[in-house]
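Asker: Below is one structure. I have some questions about it.
The values are calculated or read from the model by the stated rules, or taken from the named source; none is laboratory data. Just so we're clear, the structure is a prediction, and the values are computed from it rather than from any experiment. With ideal geometry, Cβ positions are generated from the backbone for all residues, glycine too; neighbour counts draw on all protein chains shown.
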Amino acid sequence: LWGVNASSLRTEASYVIDDIGGRSASYGELSSAAANESVPSNPPLKDPASYRIIGTSPQRTDASAKTDGSFKYGMDVDIPGMLTALIARPPRFNGQALSVDDNAALAVPGVRSVHTIPGGVAVVADDFWAAQQGRKALQVSWNELLAGRTDSASQRNDYNLRLNLPGLPIRSDGSTLLAQLQASETLSADYYFPFMAHAAMEPLNVVVDYDGSSAEIWTGTQSATLDKIFAGVVLGLLPDQINFHMMPAGGGFGRRGNPLADFVRDACFVAKALQQPVKVIWTREDDMKGGYYRPAASVRVSASLNSADEITAWTHRAVTQDVTASLYVENALDALHDMELPPLAELTDFETGMPYKIDNVLMDAHLTVLPTMPSLWMRSVNKFSDVFAQETFIDELALRVRQNPYAFRRQLLSEKPRHRAVLDAVSQAANWGRSTSGVSQGIAVMGHWNSFIAQVVEVSVSANRELTVHRVVSAVDCGTAVNPDLVIAQVESAVIFALSSVLFGEILLEDGVVQQSNFDDYPVLRMHQTPIIETVIVNSGNSVGGVGEIGVPCVGPALANAIFAATGERIRELPLSRLNFIIA
């Protein structure tokens, strides 16, 4: 555009600068023209030594607003003429409204109308209070012919029976059966993990302004592309007729990434009936009882040892609901939205874990289908249960062969330098093996999402089973930490999230009815229960990896290993509150 040689220009702070000509142009001003240029095949990359932003921790621009309460989340959206709706939902999943008596509801001051939609019966009012009182007054008979009858106790028994049957092979190295036959000893352990709720601080909410020919939608979501597709189907609109506002969410953890767009879909059904602005709110009880959940899982691991106390074979079998199919659908639709379809292998890639050097490994799974029990990925997905089983059992084997759990892992990670690096870093940061009266340590390590982490948890357990978590130390290698402060914040939040799940997380169903409803019977970690959290970043210089989920899976097994060190008790199921621990 300027007719000068590119070598005479420089860039700084999002501007191209011509010092000789005394002029500059912003990247934004040049973006349209740049988009028409061919993409360089091998562009030179900046030397990391000259980074000015990467590796620094500038203050978040939203920190002040989040601190003083002025920050706007989805729940804070308020537009002129907006009504509020709550939906009465069936007590069991897949139930349908059979008959509705709305006379008492319509008599509540402020209630405008009542509408039956596929997800239940919506009560529309001037404000939340009126909608809530109207919903309480509503009389609904439910058709439960197709309703779910999942029962936690019977479902657990079924999963445990499936552990005795071969599943879908996921990984097979060497000859596991032969190694087991030749072994001096084979040990095994079974684990169980219940359904768990995402329990985000901000309940689900959607604002829809639909006038019959176009719509604006405001919500916090993790799947805007899918949400917009479902909204268009319900409202009869093309994508360019919908203006979708992605609002910040007060927690999601996977719940707002629903491939069926349940909360957006329901809101659009209400808006279609009204054709005026409406905010559809899920109370916390609605969300806790209305799905979706981390799937329950049973896991069996076994290891064979030879006469030299070396692990010669490892098996890992998991039984859980299949969320991979819906993951493929979501990824495929996102790709189609961009007019391309990625390879199937890319969408169904299982990272099979097990970093330890073991010649014979067999991993399989039973991916069950429970159509009337809604399940969804939850922060760290299947790694939550699989890593728990793996890392607690590795600890058990270390003590079986009379080795230090840290040294035992390190020896088995001889071909995994990044695993070793974080293991060494956390050992040093936590002063592994230190002798402190009444305090015990546990350790765990893993790699996934192109990142690696090792964690040490320190606990004490009193004679009456009062459990105190004193400290959690993490060492994380996410390749290059672009903003170290955000990496630390993600790991700290993951520790809180994981401790909440491990200590308290349990959704129970009796004849298809969820028994939990709010933070009184589904607790999350309180401030007085929160340990000291320390995080060390190991910058390996590799490609940037993910940190949103990496901090979750190892907390549970490290905690369980510390409890064993303190009490001699092995943890085979969660949550710990179910095992009569008193959480201090």
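Asker: Take the conditions of a type in the set (A, V, I, L, M) and surrounded by 12 or more Cβ atoms within 10 Å (Cβ to Cβ) and apply them to residue 54. Does it pass?
Answerer: Spelling it out, residue 54 is indeed of a type in the set (A, V, I, L, M) and surrounded by 12 or more Cβ atoms within 10 Å (Cβ to Cβ).
Asker: Sticking with this structure for a sec: State all residues of region 567-584 that are exposed (fewer than 15 other Cβ atoms within 10 Å of the Cβ) and of a type in the set (A, V, I, L, M, F, W, C); if no residue qualifies, say none.
Answerer: Hits for region 567-584 are 579, 582, 584.
Asker: Do we have residue 240 as in a helix (DSSP H, G or I), among the charged types (D, E, K, R) and either without any contact (Cβ under 8 Å) to a residue 24 or more places away in the chain or more than 30 Å from residue 362 (Cβ to Cβ) (or both) here?
Answerer: Judged against the criteria, residue 240 is a match.
Asker: Looking at region 524-539 only, could you name the residues that are farther than 22 Å from residue 507 by Cα and touching a helix residue (DSSP H, G or I) at 6+ places or on another chain (Cβ under 7 Å)?
Answerer: Of everything in region 524-539, those that are farther than 22 Å from residue 507 by Cα and touching a helix residue (DSSP H, G or I) at 6+ places or on another chain (Cβ under 7 Å) turn out to be 530, 533, 534, 535, 536, 537, 538.
Asker: I've got another one for you. Among the residues that make up region 195-213, is at least one of them hydroxyl-bearing (Ser, Thr, Tyr), buried (at least 19 other Cβ atoms within 10 Å of the Cβ) and closer than 30 Å to residue 309 by Cβ?
Answerer: No, because not a single residue in region 195-213 is hydroxyl-bearing (Ser, Thr, Tyr), buried (at least 19 other Cβ atoms within 10 Å of the Cβ) and closer than 30 Å to residue 309 by Cβ.
Asker: Being modelled with pLDDT of 95 or more and closer than 22 Å to residue 522 by Cβ is the requirement here; does residue 309 meet it? So that I can check it myself, show each step before the final result.
Answerer: Working: modelled with pLDDT of 95 or more: yes; closer than 22 Å to residue 522 by Cβ: no.
Spelling it out, it is not the case that residue 309 is modelled with pLDDT of 95 or more and closer than 22 Å to residue 522 by Cβ.
Residues are listed down the side, and each one gets a yes or a no for (1) more than 22 Å from residue 491 (Cα to Cα); (2) buried (at least 21 other Cβ atoms within 10 Å of the Cβ):
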position	(1), (2)
432	no, no
437	yes, no
446	no, yes
452	no, yes
456	no, yes
470	no, no
475	no, yes
478	no, yes
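Asker: Okay, moving on. Please find, within region 65-85, the residue that is surrounded by the most Cβ atoms within 10 Å (Cβ to Cβ) out of those that are more than 24 Å from residue 222 (Cα to Cα) and either in contact (Cβ under 8 Å) with a residue 40 or more places away in the chain or of a type outside the set (D, E, K, R) (or both).
Answerer: First, pick out the residues of region 65-85 that are more than 24 Å from residue 222 (Cα to Cα): 68, 80-83.
Still in the list and also either in contact (Cβ under 8 Å) with a residue 40 or more places away in the chain or of a type outside the set (D, E, K, R) (or both): 80-83.
Values: 80: 6, 81: 8, 82: 16, 83: 21.
Step by step, filter region 65-85, then rank; the result is 83.
Asker: Of all the residues that make up region 257-267, how many are in a helix (DSSP H, G or I), farther than 17 Å from residue 289 by Cα and out of contact with any strand residue (DSSP E or B) (no Cβ under 6 Å at 6 or more places or on another chain)?
Answerer: Total meeting the criteria: 1.
Asker: Can you tell me which of 551, 546, 568 is at pLDDT 95 or above and on the phi > 0 side of the Ramachandran plot?
Answerer: Going through 551, 546, 568 in turn, the sole match is 568.
Asker: Being of a type outside the set (Lys, Arg), within 15 Å of residue 302 (Cβ to Cβ) and either surrounded by 12 or more Cβ atoms within 10 Å (Cβ to Cβ) or not assigned by TED's automatic domain parsing to the domain that holds residue 388 (or both) is the filter here, so list the residues in region 161-171 that pass it.
Answerer: Within region 161-171, 163, 167 meet the criteria.
Asker: Residue by residue through region 216-249, note down the ones that are surrounded by 17 or more Cβ atoms within 10 Å (Cβ to Cβ) and closer than 18 Å to residue 75 by Cβ.
Answerer: Selection gives 217, 218, 219, 220, 221, 222, 224, 227, 244, 247, 249.
Asker: Please name all residue pairs, on different chains or six or more residues apart, with Cβ atoms under 6 Å, provided the first residue is in region 6-25 and is within 18 Å of residue 50 (Cβ to Cβ) and the second residue is of a type in the set (Asp, Glu).
Answerer: Matching pairs, first to second residue: 9/18.
Asker: I'd like the full set of residues that are assigned to a loop (DSSP other than H, G, I, E, B) and β-branched (Val, Ile, Thr), limited to region 63-108.
Answerer: 77, 79, 108
Asker: Quick test of your reading of the structure: residue 257 fulfils all but one of (1) among the small types (Gly, Ala, Ser); (2) under 28 Å from residue 499 (Cα atoms); (3) buried (at least 24 other Cβ atoms within 10 Å of the Cβ). Name the failing condition by number.
Answerer: Residue 257 satisfies every listed condition except (3).
Asker: Count, please, the residues in region 181-228 that happen to be assigned to a loop (DSSP other than H, G, I, E, B) and under 30 Å from residue 357 (Cβ atoms). So that I can check it myself, show each step before the final result.
Answerer: Here is the first cut: in region 181-228, the residues assigned to a loop (DSSP other than H, G, I, E, B) are 183-184, 194, 198-204, 211-214, 220-223.
Then drop every residue that is not under 30 Å from residue 357 (Cβ atoms), which leaves 183-184.
Number of matching residues: 2.
Asker: Would you be able to say whether some residue in region 374-390 is outside the structural domain of residue 119 (by TED's automatic domain parsing), in a strand (DSSP E or B) and touching a residue at least 40 places away in the same chain (Cβ under 8 Å)?
Answerer: Step one: filter region 374-390 for residues outside the structural domain of residue 119 (by TED's automatic domain parsing), giving 374-390.
Restricting the remaining residues to those that are in a strand (DSSP E or B) gives 375.
Next cut, touching a residue at least 40 places away in the same chain (Cβ under 8 Å) only: 375.
Looking for residues that are outside the structural domain of residue 119 (by TED's automatic domain parsing), in a strand (DSSP E or B) and touching a residue at least 40 places away in the same chain (Cβ under 8 Å), one finds at least one in region 374-390, hence yes.
Asker: Given the conditions (1) part of a helix (DSSP H, G or I); (2) among the aliphatic types (A, V, I, L, M); (3) exposed (fewer than 12 other Cβ atoms within 10 Å of the Cβ), which single one is not true for residue 30?
Answerer: (3)
Asker: If you don't mind, another one. So which of 400, 465, 420 is touching an Asp or Glu at 6+ places or on another chain (Cβ under 9 Å) and surrounded by fewer than 22 Cβ atoms within 10 Å (Cβ to Cβ)?
Answerer: It is 400.
Asker: Further, regarding this structure: Among the residues of region 142-150, are any in contact with a strand residue (DSSP E or B) (Cβ under 8 Å, 6 or more places away or on another chain), outside any strand (DSSP E or B) and among the polar types (S, T, N, Q)?
Answerer: Yes, some residue in region 142-150 is in contact with a strand residue (DSSP E or B) (Cβ under 8 Å, 6 or more places away or on another chain), outside any strand (DSSP E or B) and among the polar types (S, T, N, Q).
Asker: Could I ask something else about it? Go through 370, 362 for me and flag whichever is in contact with a Gly (Cβ under 9 Å, 6 or more places away or on another chain) and in a loop (DSSP other than H, G, I, E, B).
Answerer: Answer to the selection: 370.
Asker: Residue pairs, Cβ under 9 Å, 6 or more apart or interchain, first in region 510-536 and free of Cβ contacts under 8 Å to residues at least 60 places away in the same chain, second among the acidic types (Asp, Glu). List them.
Answerer: Correct list of pairs: 515/521.
Asker: Taking the conditions exactly as written (touching a strand residue (DSSP E or B) at 6+ places or on another chain (Cβ under 8 Å), assigned to a loop (DSSP other than H, G, I, E, B) and touching a residue at least 60 places away in the same chain (Cβ under 8 Å)), does residue 178 satisfy them or not? I'd like the intermediate steps shown before the answer.
Answerer: On the way: touching a strand residue (DSSP E or B) at 6+ places or on another chain (Cβ under 8 Å): yes; assigned to a loop (DSSP other than H, G, I, E, B): no; touching a residue at least 60 places away in the same chain (Cβ under 8 Å): yes.
It is false that residue 178 is touching a strand residue (DSSP E or B) at 6+ places or on another chain (Cβ under 8 Å), assigned to a loop (DSSP other than H, G, I, E, B) and touching a residue at least 60 places away in the same chain (Cβ under 8 Å).
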